[in-house]
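Peer 1: Please find one structure pasted underneath; my questions will follow.
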Amino acid sequence: MVKEIERAGIAVVHICTVTPISLTVGANRIVPAVAIPHPLGNPKLSEKEEFSLRKKLVEKALSALATPVSEQTVFED
Amino acid sequence: MDEKRIVLYINQFFGQIGGEDMAHIEPQSHDKPIGPGVGLSNLLPKNCTIVGTIICGDSYFNENLEEASATVGKMIKDFNPDLVIAGPAFNAGRYGMACGTVGKIAHDMGIPAVSGMYIENPGVESYRQYLYIVETTNSAAGMRTALPAIAKLAGKVVNGEPMGTPTEEGYLSRGIRKNVFAEKRGSDRAVDMLLKKLAGEEFETEYPIPLFDRVEPAAAIPELSKVTVALVTSGGIVPKGNPDRIEASSASHYGKYSIEGLEGLTSEGFQTAHGGYDPVYANEAPNRVMPVDALRALEKEGKIGKLFPYFYATVGNGTSVANAVKFATEIAHELVNEGVQAVILTST
């Protein structure tokens, strides 16, 4: 899906936990997520902490969109 | 023939421990055949014994790749096997990645490995060079045909019998080139092939052209504060009750849902329709998969221009590549027409 959206000329960032799959399907901007059943959250945290974790991940995804890349890139910490 | 020792790797489901609620379990080792191993034991050549079964949760393996690999590697070593069988994983993505990794671990230890997967399983593309992967159907309904094929190939490999081409033996091409003596020279074979082609007859190429379908990365967005960002997910987030009845696996369609005026996704309004991961956390707080609350906050702060008032969702669980391509092409077409310049796609 990521690839087809990018093919249409839209910049896309893939937030996912299993980054090797994302690399296989051809995503170019990849942001590793927290866990498979809760990629953008952590049920062990308080609601407030969890929101701030999620916001940080989304901000990282946005900064990936703002970063020029020439090949598949996993945006690690 | 010498006695041969075989170790089996399977996930929590085939290990009879549990479903998605048990996908987090760490590797465990048992000194007997379990699950598909019982059937395999009867199908393998007489000199082969399944001496152990290693079971690991699919989520644990994929979320903790390094630790899981180290532990499973040690467990394999302790059994001192002549061959490792992993799966079959059919079209289960996380399971296929785990089986592929196990194949690579065995390969690095000098032990051959055999698995079974559907051709679209991401484990095929990532690990095919490290192990023999028998082509299976896309669901476990194909177990009855998969096991005899795996047993036959495994027997050949472990007993060092000559291995034929992927087509002859029924495994997926490993991308390995092997020198063989042909009866006719290349120019003769090429002309034969051409004549068959001209006559409209079946012929088999000796070198299939590899298909590299890569898309160039889109240009970076200099000013996100001026663009509309849309959210798309393969994590199955849908309005409560799943009004479009998106399938829990092998999705045949996607949904488009309004988030206009919403500060975030609540458990009262939304849920997941995905059948391939433990739904508890997503149902409790759908923002954990579809981060509407965070995007809304960033919209208010002016970090993005606007959040597109709809999100798109499907279930990426055994969904065919052809369907995923179709969904995304339609979604992208619509987004381009709406002037959306950036997409955040989340996957579970």
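The values are calculated or read from the model by the stated rules, or taken from the named source; none is laboratory data. Every value quoted in this text rests on a predicted model; they were computed, and no experiment measured them. Please note: Cβ atoms are built from the backbone with ideal geometry, for glycine as well, and neighbour counts cover all protein chains shown. Side chains included, ligands, DNA and RNA excluded: accessible areas come from the protein's heavy atoms. Shrake-Rupley method; radii C 1.70, N 1.55, O 1.52, S 1.80 Å.
Peer 1: What average number of partner chain Cβ atoms lie no more than 10 Å from the Cβ of the residues making up B:122-133? List each step's numbers first, then the result.
Peer 2: Details: counts 7, 3, 1, 5, 4, 2, 0, 0, 0, 0, 0, 0.
For this peptide, the per-residue mean of nearby foreign Cβ atoms is 2.
Peer 1: Give me a comma-separated list of calculated 3J(HN,Hα) values for the range B:308-320, in order, Karplus coefficients 6.51, -1.76, 1.60 applied at θ = phi - 60°, integers in Hz, x for any Gly or Pro.
Peer 2: 4, x, 10, 10, 10, 9, 9, 10, x, 9, x, 6, 5
Peer 1: Highest mean first, how do B:56-63, B:72-79 rank when packing is the count of other Cβ atoms within 10 Å averaged over residues?
Peer 2: Values: B:56-63: 25.5, B:72-79: 18.2.
By packing density, highest mean first, the sequence is B:56-63, B:72-79.
Peer 1: Can you classify the range B:224-346 as rounded, prolate or oblate using the Cα gyration tensor, where a ≥ b ≥ c are the square roots of its eigenvalues, rounded means a/c under 1.5, and otherwise it's prolate if a/b beats b/c and oblate if not? If you can, show how the numbers build up before the last one.
Peer 2: Details: a/c = 2.16, a/b = 1.26, b/c = 1.72.
It is oblate, given that a/c is not under 1.5 and a/b is not larger than b/c.
Peer 1: Let me ask something else about it. Where the only charges are on Cβ atoms (+1 Lys, Arg; -1 Asp, Glu), what is the dipole of the range A:2-74 about its Cα centre, to the nearest 20 debye? The partial results should precede the final answer.
Peer 2: Details: 9 positive and 7 negative charges, 18 e Å.
That gives the range A:2-74 a dipole magnitude of about 80 debye.
Peer 1: Tell me, what % of the accessible area of the range B:224-346 is carbon and sulfur with a 1.4 angstrom probe? Can you show the working numbers first?
Peer 2: Working: 2370 of 4710 Å².
Carbon-and-sulfur percentage of accessible area, whole number: 50.
Peer 1: Rounded, prolate or oblate: which one fits the range A:2-74, using the alpha carbon gyration tensor with axes a ≥ b ≥ c (rounded when a/c is under 1.5, else prolate when a/b beats b/c, else oblate)?
Peer 2: Numbers: a/c = 2.66, a/b = 1.79, b/c = 1.48.
Note, shape of the range A:2-74 comes out prolate.
Peer 1: Relative to the first principal axis of the alpha-carbon coordinates of chain A, what is the inclination of helix A:47-65, with its axis defined by its Cα atoms, in degrees from 0 to 90 and to the nearest 10?
Peer 2: That helix lies at roughly 10 degrees to the long axis.
Peer 1: Once amide H atoms are built 1.01 Å from N in the peptide plane, which residues 5 or more positions from B:Leu8, or in another chain, come under 5 Å H to H?
Peer 2: B:Gly52, B:Thr53, B:Ile54, B:Ile85
Peer 1: Peptide B:309-321: average number of partner chain Cβ atoms within 10 Å per residue?
Peer 2: Details: counts 0, 0, 0, 2, 0, 1, 0, 4, 0, 0, 1, 0, 2.
Per-residue shielding by partner chains comes out at 1.
Peer 1: Take every Cα pair under 8 Å in the range B:4-169 that's 6+ residues apart, average their separations, divide by the length, and report that relative contact order as a whole percent. Let's see the in-between values first.
Peer 2: Numbers: 344 pairs, mean separation 37.6, N = 166.
This gives 23 percent for the range B:4-169.
Peer 1: In the range B:4-169, carbon and sulfur make up what percent of the accessible area (probe 1.4 Å)?
Peer 2: Working: 3440 of 6730 Å².
Percent of accessible area from carbon and sulfur atoms in the range B:4-169: 51.
Peer 1: Rolling a 1.4 Å sphere over the protein heavy atoms, what is the accessible area per residue of the range B:309-348, to the nearest Å²? Mind dumping the intermediate values first?
Peer 2: Numbers: 1480 Å² over 40 residues.
With the other protein chains kept in place, the range B:309-348 gives 37 Å² per residue.
Peer 1: Would you mind giving the total buried accessible surface between chains B and A, with a 1.4 Å probe and ligands, DNA and RNA left out, rounded to the nearest 100 Å²? Before the final figure, lay out each step's value.
Peer 2: Working: alone 19170 and 5340 Å², together 20090 Å².
Chains B and A together bury approximately 4400 Å².
Peer 1: For the range B:236-282, which GluC sites (Glu not before Pro) are both in a DSSP coil and crowded by at most 10 other Cβ atoms within 10 Å? All intermediate terms of the calculation are to be shown ahead of the outcome.
Peer 2: Working: sites: B:Glu247, B:Glu260, B:Glu263, B:Glu268; in loops: B:Glu247, B:Glu260, B:Glu263, B:Glu268.
In loop regions of the range B:236-282 (DSSP not H, G, I, E or B), the sparsely surrounded GluC sites (Glu not before Pro) are B:Glu260, B:Glu268.
Peer 1: Now, a different point. Which ³J(HN,Hα) values in Hz, rounded to whole numbers, follow from the phi angles of the range B:245-255 under the Karplus curve 6.51 cos²θ - 1.76 cosθ + 1.60, where θ = phi - 60° and Gly and Pro get x?
Peer 2: 6, 6, 5, 5, 8, 6, 4, 9, 7, 10, x
Peer 1: Provide the percentage of antiparallel DSSP beta bridges, counting only those with both residues in the range B:224-346; round to the nearest 5.
Peer 2: The antiparallel fraction comes to roughly 45 percent.
Peer 1: Please give the per residue accessible area of chain A, computed with a probe of 1.4 Å over protein heavy atoms only, in Å². List each step's numbers first, then the result.
Peer 2: Details: 3150 Å² over 77 residues.
With the other protein chains kept in place, chain A gives 41 Å² per residue.
Peer 1: Can you list the residues of the range B:190-209 with backbone N under 14 Å from a point 7 Å past the Cα of B:Glu183, pointing along Cα to Cβ?
Peer 2: Taking a point 7 Å out along Cα→Cβ of B:Glu183, the residues of the range B:190-209 whose backbone N falls under 14 Å are B:192.
Peer 1: Let me ask you something else. Could you check the spin-label model distance between A:Gln72 and A:Glu47? Points 7 Å from the Cα along Cα→Cβ, value in nm.
Peer 2: Computed distance between label sites A:Gln72 and A:Glu47 equals 4.0 nm.
Peer 1: Rank B:Ile304, B:Gly276, B:Ile133 by how far each Cα sits towards the positive end of the charge dipole of the protein assembly as shown (+1 on Lys, Arg Cβ; -1 on Asp, Glu Cβ) and give me just the farthest.
Peer 2: Sorting the options by dipole projection puts first B:Ile133.
Peer 1: For the range B:4-169, what class follows from the C-alpha gyration tensor (a ≥ b ≥ c being the square roots of its eigenvalues): rounded when a/c is under 1.5, otherwise prolate if a/b is larger than b/c, else oblate? Don't skip to the answer; put the middle values down first.
Peer 2: Details: a/c = 1.37, a/b = 1.21, b/c = 1.13.
Rounded shape, in that the Cα axes give a/c under 1.5.
Peer 1: Now, a different point. Mind listing the long-range amide H neighbours of B:Ser115? Cut-off is under 5 Å, sequence gap 5 or more, other chains count too, H placed in the peptide plane at 1.01 Å from N.
Peer 2: It is B:Ala86, B:Tyr132, B:Ile133, B:Val134, by chain and number.
Peer 1: Also, quick follow-up: Based on the Cβ-Cβ distance from B:Glu334 to A:Glu59, what FRET efficiency comes out when R0 is 45 Å, to the nearest 0.05?
Peer 2: Values: r = 26 Å, r/R0 = 0.58.
After rounding to 0.05, the efficiency reads 0.95.
Peer 1: Given labels modelled 7 Å from the Cα in the Cβ direction, how far is it in nm from B:Asp192 to B:Val280?
Peer 2: Calculated label separation equals 6.2 nm.
Peer 1: Based on DSSP, what percent of beta bridges with both residues in chain B are antiparallel, to the nearest 5?
Peer 2: Numbers: 12 of 42 bridges.
In chain B, DSSP labels about 30 percent of beta bridges as antiparallel.
Peer 1: Sticking with this structure for a sec: Using packing as a proxy for protection, rank B:272-285, A:36-49, B:153-166 so that the peptide with the highest average count of other Cβ atoms within 10 Å comes first. Present the calculation step by step, with values, prior to reporting the outcome.
Peer 2: Values: B:272-285: 21.9, A:36-49: 17.8, B:153-166: 16.1.
By packing density, highest mean first, the sequence is B:272-285, A:36-49, B:153-166.
Peer 1: Remind me, relative contact order of chain B in percent, using alpha carbon pairs under 8 angstrom and six or more residues apart?
Peer 2: Details: 649 pairs, mean separation 49.6, N = 348.
That works out to 14 percent.
Peer 1: OK, next. If you average the alpha carbon positions of the range B:170-224 and of the range B:22-94, how far apart do those two centres end up, in angstrom?
Peer 2: 34
Peer 1: Let me confirm one metric for peptide A:44-55, namely the mean number of other chain beta-carbon atoms within 10 Å of its residues' beta-carbons.
Peer 2: Details: counts 0, 0, 0, 1, 0, 0, 4, 7, 1, 2, 9, 8.
Shielding by partners across A:44-55 averages 3.
Peer 1: Tally the DSSP beta bridges in the protein assembly as shown and give the antiparallel ones as a percent, rounded to 5. If you can, show how the numbers build up before the last one.
Peer 2: Working: 12 of 52 bridges.
Expressed as a percentage, antiparallel bridges in the protein assembly as shown total about 25.
Peer 1: Which GluC sites (Glu not before Pro) in the range B:129-194 sit in a loop by DSSP (not H, G, I, E or B) and have at most 15 other Cβ atoms within 10 Å of their own Cβ?
Peer 2: Values: sites: B:Glu135, B:Glu168, B:Glu169, B:Glu183; in loops: B:Glu183.
Passing both the DSSP loop test and the Cβ count: B:Glu183.
Peer 1: Something else: Can you return the lysines within cross-link range of B:Lys196? Criterion is Cα-Cα under 18 Å, with same-chain partners fewer than 8 residues away left out.
Peer 2: Reachable lysines: B:Lys184.
Peer 1: Using a Förster radius of 45 Å, what is the FRET efficiency between B:Thr205 and B:Ser225 based on their Cβ-Cβ separation? Nearest 0.05, please. Each step should come with its number before you reach the end.
Peer 2: Numbers: r = 52 Å, r/R0 = 1.16.
E between B:Thr205 and B:Ser225, to the nearest 0.05, is 0.30.
Peer 1: Let me ask another. Using the structure shown, select from B:Lys46/B:Lys156; A:Lys60/B:Lys306; B:Lys4/B:Lys74; B:Lys4/B:Lys156; B:Lys77/B:Lys104; B:Lys156/B:Lys197 the pairs with a Cα to Cα distance greater than 23 angstrom. Could you put the intermediate results ahead of the total?
Peer 2: Details: B:Lys46/B:Lys156 12 Å; A:Lys60/B:Lys306 17 Å; B:Lys4/B:Lys74 19 Å; B:Lys4/B:Lys156 12 Å; B:Lys77/B:Lys104 14 Å; B:Lys156/B:Lys197 34 Å.
Distance filter (> 23 Å) returns B:Lys156/B:Lys197.
Peer 1: Hey, another quick one. Round to the nearest 0.05 the FRET efficiency obtained for B:Ser258 and B:Glu26 when R0 = 41 Å and r is the Cβ-Cβ distance. Working shown, then result.
Peer 2: Numbers: r = 42 Å, r/R0 = 1.01.
The calculated FRET efficiency here is 0.50.
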